[in-house]
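Every read-out reported here was derived from the displayed coordinates using simple, explicitly stated rules and does not represent laboratory data. The shown structure was predicted, so the numbers you read here are calculated from the model rather than taken from an experiment. With ideal geometry, Cβ positions are generated from the backbone for all residues, glycine too; neighbour counts draw on all protein chains shown.
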Amino acid sequence: MSWTRGVLWGCRHWAPLVREWRAGGSVHEGLAGVNWAEWATGSGRPTLRLRWPWGRDNASSSRRGLSTTASDGRSASESRSSPPASSSADSSPPPVVQRVPFRRMDLPCVPLYRRPLFPGIVAPILVQDAAACEAFLSLKDGGNRYAGLFLHRQAGQVRRQLGEADEASTPPPPPDSVGAGAPDPELLYKVGVIGELLRVVPRPKGLELTFMCHHRIRSLGAVRKEALLFLNTEPIVEERVEPTTSIRAYSLAVVETLRELLSAGSLYKEQLELLLESVDVNNPYHLADLGACLSSTAEPAVLQEVLEEPILEERLSKTLALLKSELETIRVQRKINKQIEENVSNAQRKFFLNEQLKYIKKELGLERDEKESVRAKFRQRLEGRTVPPHAAAVIDEELQKLGALDPASSEYNVTRNYLDWLTALPWGVYSVDHLDPDRVRAVLDDDHYGLEDVKRRVQEFVAVGQLRGTVVGKILLLSGPPGVGKTTIGRSIARAIGRKLYRFSVGGMSDVAEIKGHRRTYVGAMPGKFIQALKASQTQNPLILIDEIDKLGRGWQGDPASALLEALDPEQNSGFLDHYLDVPVDLSKALFICTANVTDTIPAPLYDRMENISLPGYITEEKVAIARRHLVPQARKDAGLTAKQFVVRDSALKTLAKDYCREAGVRSLQKHIDKLSRRSALQIVKHESEQLVVGSESLPTLLGKPQYGNELVFKKLPRGVARGLAWTPLGGAVLYVESIEVGSGGGLGTDSARLHTTGQIGDVMRESSEIALSFARRFLTEREPANRFFERGYVHMHVPEGATPKDGPSAGCTMVTSLLSLASNRTVASDLAMTGEITLTGRVLPVGGIREKVVAAKRAGLKWVLLPAMNARDWDELPGYVRDGLRVAFADTYDDVYRMAFEGGAEKVSVREGETAAAAAAAATAAATAARPLGESFTAP
Ligand SMILES: Nc1ncnc2c1ncn2[C@@H]1O[C@H](COP(=O)(O)OP(=O)(O)OP(=O)(O)O)[C@@H](O)[C@H]1O
């Protein structure tokens, strides 16, 4: 007799018995039919120790190959002959030892619908069919304790049909099975186990039969089919093999995987623990069977394969594969569980915290009606503000509406946002202006060098404000090329007069809603820029700087220019109506400053209302001064350098301005100086030197070769070339007109001169060239009748640079001069540059951009400029430092130009440097009249 541990399949079915045993009841009675069993409570956990009934029969046990393991670690056959010490203390009555028959015999069949059972397993099976129950009871009463346990082939399907049954129970036969619970023998697998009926317990749904599974049996066919199916069975004799290394390795791997399963939290934790405690690695049969049946996720058919596998090594391998897949499933399942738990617990945590917060607020009396507090906040914002009556009425109405709305409704949010804007506006709040012209001048001088016009204009504006006691709304327009300080001077003005600044750019803006706001019905509706300006500056008289007004777009969403007009026009803007706000707002006290590069593209009605101050670009001296006073100190500050560490000499600044950055503004100059300062910082950080002194000679090393060469392409103008002056958005430029004769004497088959023009010239300029040709031809005919150049010549006129588009009439005089130079074979005075439109009758008409053109001539180092007499006023308005070093001549007709260009007129006209334009114009006209040889034909009207 020996004690051994068996695995209890479905432990919880034994729980009542355990309780009974603990209470001192008779275990043996409770375990009817298993009077050779006892309970042990090693670790407080009930374990069934089984006393094998074939205990003394070593030979038969080994023949049957039963895989049971003794509790002391010895094999079943050994332990049977010498029971462990614990068993000697056992006082249970001597068991009735019966052998499990190991022969061919007819057995009642118990179909298994869940999974096959393996030898060594104790498992309860629920039989629901009444007839079958009856039959089992009568069999038991007749002393027949054995049954064949076979897996049904449709086990999975049946299980799915019936739903998951109790974990440890086998579901009843499918309702469509033949007879009262007896399965079709064809639907049963042929290999099963013989089960010994240990216990029968009536259950509400039928009978619970507890079987102890013994050796494998094979069904040889049905014998009879009544309430139960009887099968003829034979025991399967297993070949006992000596464990090889490979079998041992498999066994260890199975044990290891079982351990991992245990720690991973397998469904059959209890059974696993039990198995691991009792498992004998030296009994691989036992291990393979028990391991397989502990895999909870395996399909019944796969388990059946293990049951049917005759070769031990294969059986172990299949078991291992099942357990590994089980382990993987559990790992994935744990991962999923963890994720779900995290999500759920986060949501729960939030919920609990919110609930707690609510409760705490309530307890402390902090909870107020949300709506009330919002309304109170809005009311509080308006305290001390002078809200105009029409706005106050709307606000009151909206506040009342808010009180009646449900906070969860979308209407509530719309109203709340609307009120937020209405109450956030600085109703009646005005900043105090500093209306002292001297102080204002000091601030402007501090920030910007030069820009006399702008500064004077701002001073005048402030002076008027001082006299009137208030500054009325104005629209100033600062126009000029990029980088001349338009935006920054706008900022300085705000600082000088002490106004809050709000800047926005309208470049490319095509949606009128950006100016006037969206209607409140739109999702995400917002007021326009002007209302935003008031909210941001929190005053009703800010300085609003509107950048890039010349690049205002126009799209299908309306015309922003008209909307701007409404906001800027002093006549209209006292009641500016934003679409979103829907309440008139007074913008008349705001000061508007717009900036633009060109004025032509500004919508006429807007331009009409603006006061244009043009910033024409800087000459070299101005750039040097700006760099010295502002750009270099700023670059030093930005790079963290001291005045000693970074020095830029004036010579370097001059070379920079002349040869590296020839733009009208100073942005490129600023970039070059920044580059130098960074170079200095690097040298200091790398301890290469303690200071960087930049002279003009070091510029090529530090910045590379100069970008521009001499602007004077021709020192002495060749035949057919005349020098003009042009205006570009980037400032003035010296422009050459070149004409050459291409073939002559009827080469082109006509007797009239032909003109071919190139150089990306626009329509106006092309017309100008045609006028120039006609005029030059006539002029030459009258002046040199013998010269028949234009009758035979074919002329090609080119205006470099060919890649830059050019247009406008102001090159008319230059074109005529170029053609006459070619025709009369004379060169044009080389220190002269000219500008002016020519008419067919030879009149010289005024042109624009005089300042830029004069600056360009000066930059190029020319001595003389020839301007239309009607531009004398523009010359007169130029600052002295721009005119210094330049001489001007004025032309009414082309005769004046001719004299200056070809007859050394420049020398004859006695205009001294710095002479006023009026005097210069008078002198020029006098000289022209005196020297005019062509009679009245070219006299200006
Ligand atoms: N007269 C000046 N004195 C000092 N700094 C100047 C002067 N003119 C321009 N600057 C500097 O040049 C830089 C460019 O100026 P700003 O951005 O105002 O140019 P802008 O005319 O508005 O150009 P854009 O038309 O491209 O907007 C600024 O850093 C500014 O300080």
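What length, rounded to one decimal in nm, is gained on full extension from Gln538 through to Ile360, with 0.36 nm per residue of separation minus their alpha-carbon distance?
60.3 nm
Just to confirm a number: summing +1 for Lys and Arg and -1 for Asp and Glu over residues other than Gln128 whose beta-carbon lies under 11 angstrom from that of Gln128, what do you get?
0
If you put +1 on each Lys and Arg Cβ and -1 on each Asp and Glu Cβ, how big is the dipole of segment 439-567 around its Cα centre, in Debye rounded to 20?
Dipole of segment 439-567, to the nearest 20 debye: 460 debye.
Hey, what do the phi angles of segment 648-665 turn into as Karplus ³J(HN,Hα) couplings, whole Hz, using 6.51/-1.76/1.60 and θ = phi - 60°, x for Gly and Pro?
Ordered by residue, 3J(HN,Hα) equals 10, 6, 4, 4, 5, 5, 5, 5, 4, 5, 7, 9, 10, 9, 9, 7, 6, x Hz.
With the crude spin-label approximation of a point 7 Å out along Cα→Cβ, what separation in nm comes out for Asn825 versus Arg873?
If labels sit at Asn825 and Arg873, their model points lie 4.6 nm apart.
Across segment 872-880, in residue order, what do the Karplus-derived ³J(HN,Hα) couplings come to in whole Hz, using 6.51 cos²θ - 1.76 cosθ + 1.60 with θ = phi - 60° and x for Gly and Pro?
Each residue of segment 872-880 in turn: 4, 5, 4, 4, 4, 7, 5, x, x Hz.
For the pair Glu611 and Asn787, what calculated FRET efficiency results from E = 1/(1 + (r/R0)^6), where r is the Cβ-Cβ distance and R0 = 51 Å, to the nearest 0.05?
FRET efficiency, Asn787 to Glu611: 0.45.
Please list the non-local residues whose amide H lies under 5 Å from the amide H of Arg153, H modeled 1.01 Å from N, same-chain partners needing a gap of 5 or more.
Distant-sequence amide H within range of Arg153: Leu188, Tyr189.
Between Val523 and Asn346, what is the FRET efficiency for a Förster distance of 35 Å, r being their Cβ-Cβ separation, to the nearest 0.05?
Using R0 = 35 Å, I get an efficiency of 0.70.
Determine the gain in length on full extension of the stretch Lys371-Lys205; use 0.36 nm per residue of separation and subtract their C-alpha separation, reporting nm with one decimal.
Result for the pair: 53.6 nm of gain on full extension.
Mind checking the alpha-carbon convex hull of segment 319-405 and giving the volume per residue in Å³?
So the per-residue Cα hull volume is 166 Å³.
List nothing, just return the count: lysine pairs in segment 622-703, 8 or more apart or interchain, with Cα separation under 23 Å.
For segment 622-703, the number of qualifying lysine pairs is 20.
Quick one: which residues, 5 or more positions from Leu692 or on another chain, have an amide H under 5 Å from its amide H? H modelled 1.01 Å from N in the peptide plane, none for Pro or chain starts.
Residues meeting the amide H criterion: Phe646, Val647.
Whole-Hz ³J(HN,Hα) for each residue in segment 330-335, computed from phi via Karplus 6.51 cos²θ - 1.76 cosθ + 1.60 with θ = phi - 60°, x for glycine and proline: what do you get?
5, 5, 4, 4, 5, 4
Just to confirm the filter: which GluC sites (Glu not before Pro) across segment 540-620 are DSSP coil and have at most 11 other Cβ within 10 angstrom of their Cβ?
Filter output for segment 540-620: Glu571.
List every residue whose amide H lies under 5 Å from the amide H of Gly724, counting only residues 5 or more places away in sequence or on a different chain, with H placed 1.01 Å from N in the peptide plane.
Leu735, Tyr736, Val737, Met834
How far is it, in nm, from the label point at Gln380 to the one at Asp559 when both lie 7 Å from their Cα along the line to the Cβ?
Each label point lies 7 Å from its Cα, and together they span 4.7 nm.
GluC sites (Glu not before Pro) within segment 763-809: which are DSSP loop residues with at most 14 other Cβ atoms inside 10 Å?
Passing both the DSSP loop test and the Cβ count: Glu801.
Extension gain Glu242-Leu220, at 0.36 nm per residue separation less the Cα-Cα distance, in nm?
4.9 nm
For segment 291-372, run through the trypsin sites (Lys or Arg not before Pro) and keep only the ones in DSSP coil with at most 12 other Cβ atoms within 10 Å of their Cβ.
Arg368
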